[in-house]
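Peer 1: Input: one structure, supplied below.
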Amino acid sequence: MSIRERLYPREHELAVLVGHCSDARYVWNLALEQRNLWVRGRSQKITYNAQAHELAEARNATWLREGSAAIQQQALRDLERAFQNWWKRPDHFGRPTWRKAGINEGFAVRDLFVRRINRKWGQVFVPKCGWVRFRVTRQWGDIEHASSARVTKDRSGRWFVSFTYPAPNIAHEPTGEIIGIDMGVAHTVATSTGQFLDMPALLSRGETQRKRRLQRKLARQVKGSNRRKATKLAIAKLAAKESDRRKDWIEKTTTELVRNYDLIVLEDLKVKNMTRSAKGTVENPGKNVAQKRGLNRSILAQGWGMFRQRLTDKAINATTPVEVIFVNPAYTSMRCSKCGHTEQKNRKSQATFLCQACGHTDNADVNAAKNVIAAGLAVYGRGGTMHAKPDRVEHDAPVKRQPAEAA
């Protein structure tokens, strides 16, 4: 768990922070290339200790000595941890990839020192930079007891510091309530109780129009020009607003669900596969590519993956047990929640469900959510629960979770 606070470096501190990002990225990429050569059989086995020794020698002979040794060594530790995660759980953690300038801007601070200036401001010590201000928006006790921190810069030019600390427990009192959830595009969340939880517009009408104008302007500008860089920065600032508002809604909604329900059932959706491009190849071109591209954007804008992950994280850290079950999503939108008749013609449109057997009518998303909760109760009744690691779910597997201890 991490606490993310906005960093406000002064002008003379910016150059040092940018240099640390560049050094960490360079060390990461160089060490990654060495490991890739070893994997391809072109070199002897590479270990963290060997690379750390080579880094010490390189600092004595190259420009790397001007940077911070602690930050450069931490970049090697991060790469080692990334490979360890990949080897242990390749289905969850991908293979470590290159870090790119302008995209992967950040570095870790291992030996953490923080101090509070007043009620609104604090400072974190950055090697070779000194004390850098950040805005305090969370409880100071959580920040003060953090074990490490990471300084990052997003595409809109904002600096952040993320403090690592144990995940807090979500206050939850047993209610006996259960709920099924159907994720959608027209309605972000449809529940088995007939309620719709819709994510608000991430950008206002004026911001959306401005973003489109900037994108058209960007397409006409010369690559590498200063004006194009300014346009990209303006677009990135709007994208940052979208991201912040999406995350804010997801955090609030998932917290409310965990507090109000003892059993939550979701579909085990493979978002990565669902949002794969349909353009195909030159020999086998895809069909309805533009429509599929629009659907992909709508799914990604809703943040299904983040919603699912935050819900499971909070359920695990609830003060009393909250079960989160993932069920097979097949035919949930075509099955009648009353009689069980499954037919494609049952779903008359995006919003209308009409059973061809019994005549039951309902909102299509609510009907799907009722099927989800029915499947979840069947799994739960057999003693199978699926939670905490939805990307590694084995349907109907009897896995029991121990209740989280109260803080």
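The values are calculated or read from the model by the stated rules, or taken from the named source; none is laboratory data. Everything quoted here is computed from the prediction, not taken from an experiment. Because the Cβ atoms are built from the backbone with ideal geometry, glycine has one as well, and the counts that use them run over all protein chains shown.
Peer 1: Among the residues of region 175-197, how many are touching a His at 6+ places or on another chain (Cβ under 8 Å) and surrounded by fewer than 14 Cβ atoms within 10 Å (Cβ to Cβ)?
Peer 2: Step one: filter region 175-197 for residues touching a His at 6+ places or on another chain (Cβ under 8 Å), giving 196-197.
Going one step further and asking which of them are surrounded by fewer than 14 Cβ atoms within 10 Å (Cβ to Cβ), we end up with none.
Residues in region 175-197 being touching a His at 6+ places or on another chain (Cβ under 8 Å) and surrounded by fewer than 14 Cβ atoms within 10 Å (Cβ to Cβ): 0 in total.
Peer 1: Looking at 111, 78, can you tell me which residue is at pLDDT 90 or above and among the acidic types (Asp, Glu)?
Peer 2: So the residue among 111, 78 that is at pLDDT 90 or above and among the acidic types (Asp, Glu) is 78.
Peer 1: Please count how many residues of region 94-135 are out of contact with any Phe, Trp or Tyr (no Cβ under 7 Å at 6 or more places or on another chain), in a loop (DSSP other than H, G, I, E, B) and not small (Gly, Ala, Ser).
Peer 2: Total meeting the criteria: 15.
Peer 1: Sticking with this structure for a sec: Would it be correct to say that residue 107 is under 13 Å from residue 7 (Cβ atoms) and in contact with a Ser or Thr (Cβ under 9 Å, 6 or more places away or on another chain)? Write out each step before concluding.
Peer 2: Values: under 13 Å from residue 7 (Cβ atoms): yes; in contact with a Ser or Thr (Cβ under 9 Å, 6 or more places away or on another chain): yes.
Considered against the rule, which asks whether it is under 13 Å from residue 7 (Cβ atoms) and in contact with a Ser or Thr (Cβ under 9 Å, 6 or more places away or on another chain), residue 107 comes out as yes.
Peer 1: Tell me whether region 305-323 contains one or more residues that are aliphatic (A, V, I, L, M), closer than 28 Å to residue 192 by Cβ, at pLDDT 90 or above and surrounded by fewer than 19 Cβ atoms within 10 Å (Cβ to Cβ).
Peer 2: Scanning region 305-323 turns up at least one residue that is aliphatic (A, V, I, L, M), closer than 28 Å to residue 192 by Cβ, at pLDDT 90 or above and surrounded by fewer than 19 Cβ atoms within 10 Å (Cβ to Cβ).
Peer 1: Pairs under 6 Å by beta carbon, first residue more than 25 Å from residue 118 (Cβ to Cβ) in region 144-164, partner assigned to a strand (DSSP E or B), six or more apart or different chains?
Peer 2: Listed by first residue and then by second, the contacts come to 153/105; 153/159.
Peer 1: Here are 352, 342, 361, 320: which of them is hydroxyl-bearing (Ser, Thr, Tyr), out of contact with any Phe, Trp or Tyr (no Cβ under 9 Å at 6 or more places or on another chain) and over 27 Å from residue 258 (Cα atoms)?
Peer 2: Values: 342 fails: out of contact with any Phe, Trp or Tyr (no Cβ under 9 Å at 6 or more places or on another chain); 361 fails: out of contact with any Phe, Trp or Tyr (no Cβ under 9 Å at 6 or more places or on another chain); 320 fails: over 27 Å from residue 258 (Cα atoms).
Being hydroxyl-bearing (Ser, Thr, Tyr), out of contact with any Phe, Trp or Tyr (no Cβ under 9 Å at 6 or more places or on another chain) and over 27 Å from residue 258 (Cα atoms) holds for just one of 352, 342, 361, 320, which is 352.
Peer 1: Same structure, new question: What's the number of the only condition in (1) closer than 16 Å to residue 7 by Cα; (2) aliphatic (A, V, I, L, M); (3) surrounded by fewer than 19 Cβ atoms within 10 Å (Cβ to Cβ) that residue 82 fails to meet?
Peer 2: Status for residue 82: all satisfied but (1).
Peer 1: Quick check on my filter: what residues within region 156-173 are modelled with pLDDT under 90 and not hydroxyl-bearing (Ser, Thr, Tyr)?
Peer 2: 166, 167, 168, 169, 170, 171, 172, 173 - these are the residues of region 156-173 that are modelled with pLDDT under 90 and not hydroxyl-bearing (Ser, Thr, Tyr).
Peer 1: Given the criterion crowded, with 17+ Cβ neighbours inside 10 Å and out of contact with any Asp or Glu (no Cβ under 7 Å at 6 or more places or on another chain), identify the matching residue among 149, 201, 171, 219.
Peer 2: Details: 201 fails: crowded, with 17+ Cβ neighbours inside 10 Å; 171 fails: crowded, with 17+ Cβ neighbours inside 10 Å; 219 fails: crowded, with 17+ Cβ neighbours inside 10 Å.
Among 149, 201, 171, 219, only 149 is crowded, with 17+ Cβ neighbours inside 10 Å and out of contact with any Asp or Glu (no Cβ under 7 Å at 6 or more places or on another chain).
So that you can scan it fast, the table gives a plain yes or no per residue for (1) surrounded by fewer than 17 Cβ atoms within 10 Å (Cβ to Cβ); (2) hydroxyl-bearing (Ser, Thr, Tyr); (3) closer than 25 Å to residue 126 by Cβ:
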residue	(1), (2), (3)
31	no, no, yes
37	yes, no, no
68	no, yes, yes
71	no, no, yes
94	yes, no, no
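Peer 1: Here's a follow-up. Can you name the residue in region 352-380 that is within 30 Å of residue 167 (Cα to Cα) and surrounded by fewer than 23 Cβ atoms within 10 Å (Cβ to Cβ) and, of all such residues, is modelled with the highest pLDDT?
Peer 2: For region 352-380, the residue satisfying everything is 377.
Peer 1: With 288, 317, 296 as the choices, which residue is polar (S, T, N, Q) and on the phi > 0 side of the Ramachandran plot? Give the derivation first.
Peer 2: Working: 317 fails: on the phi > 0 side of the Ramachandran plot; 296 fails: on the phi > 0 side of the Ramachandran plot.
Only one candidate passes the filter, namely 288.
Peer 1: Then there is this: Would you check if there is a residue in region 244-261 being free of Cβ contacts under 8 Å to residues at least 12 places away in the same chain, within 24 Å of residue 367 (Cα to Cα), surrounded by fewer than 18 Cβ atoms within 10 Å (Cβ to Cβ) and out of contact with any helix residue (DSSP H, G or I) (no Cβ under 8 Å at 6 or more places or on another chain)?
Peer 2: The answer is yes; a qualifying residue exists.
Peer 1: From (1) among the basic types (Lys, Arg); (2) part of a loop (DSSP other than H, G, I, E, B); (3) over 30 Å from residue 263 (Cα atoms); (4) in contact (Cβ under 8 Å) with a residue 40 or more places away in the chain, pick out the condition that doesn't hold for residue 138.
Peer 2: Evaluating residue 138 over (1) among the basic types (Lys, Arg); (2) part of a loop (DSSP other than H, G, I, E, B); (3) over 30 Å from residue 263 (Cα atoms); (4) in contact (Cβ under 8 Å) with a residue 40 or more places away in the chain leaves (3) as the failure.
Peer 1: Against the conditions (1) over 18 Å from residue 199 (Cβ atoms); (2) part of a helix (DSSP H, G or I), where does residue 265 fall short? Just the number, please.
Peer 2: Of the numbered conditions (1) over 18 Å from residue 199 (Cβ atoms); (2) part of a helix (DSSP H, G or I), the odd one out for residue 265 is (2).
Peer 1: Condition check: modelled with pLDDT of 90 or more and surrounded by 15 or more Cβ atoms within 10 Å (Cβ to Cβ). Does residue 134 satisfy that? It would help to see each step written out before you state the result.
Peer 2: Working: modelled with pLDDT of 90 or more: yes; surrounded by 15 or more Cβ atoms within 10 Å (Cβ to Cβ): yes.
Yes, satisfied.
Peer 1: Find the residue count for region 76-103, including only residues that are closer than 28 Å to residue 239 by Cα and either out of contact with any Pro (no Cβ under 7 Å at 6 or more places or on another chain) or basic (Lys, Arg) (or both). Before the answer, list the steps.
Peer 2: First, the residues of region 76-103 that are closer than 28 Å to residue 239 by Cα: 78, 82, 92-103.
Keeping just the survivors that are either out of contact with any Pro (no Cβ under 7 Å at 6 or more places or on another chain) or basic (Lys, Arg) (or both) gives 78, 92-103.
Total satisfying the criteria: 13.
Peer 1: In region 294-333, how many are part of a loop (DSSP other than H, G, I, E, B) and within 20 Å of residue 185 (Cβ to Cβ)? Steps first, answer last, please.
Peer 2: Taking region 294-333 first, the residues part of a loop (DSSP other than H, G, I, E, B) are 303, 317, 319-322, 328-333.
From what's left, within 20 Å of residue 185 (Cβ to Cβ): 303, 329-333.
The number of residues fulfilling the criteria is 6.
Yes or no, residue by residue, for (1) touching a residue at least 60 places away in the same chain (Cβ under 8 Å); (2) aliphatic (A, V, I, L, M); (3) under 25 Å from residue 143 (Cα atoms):
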position	(1), (2), (3)
8	yes, no, yes
15	no, yes, no
24	yes, yes, yes
49	no, no, no
61	no, yes, no
70	no, yes, yes
75	no, yes, yes
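Peer 1: Please find, among 189, 222, 185, the residue that is in the same structural domain as residue 255 (by TED's automatic domain parsing) and free of Cβ contacts under 8 Å to residues at least 12 places away in the same chain. So that I can check it myself, show each step before the final result.
Peer 2: Values: 189 fails: free of Cβ contacts under 8 Å to residues at least 12 places away in the same chain; 185 fails: free of Cβ contacts under 8 Å to residues at least 12 places away in the same chain.
Within the list 189, 222, 185, the selection yields 222.
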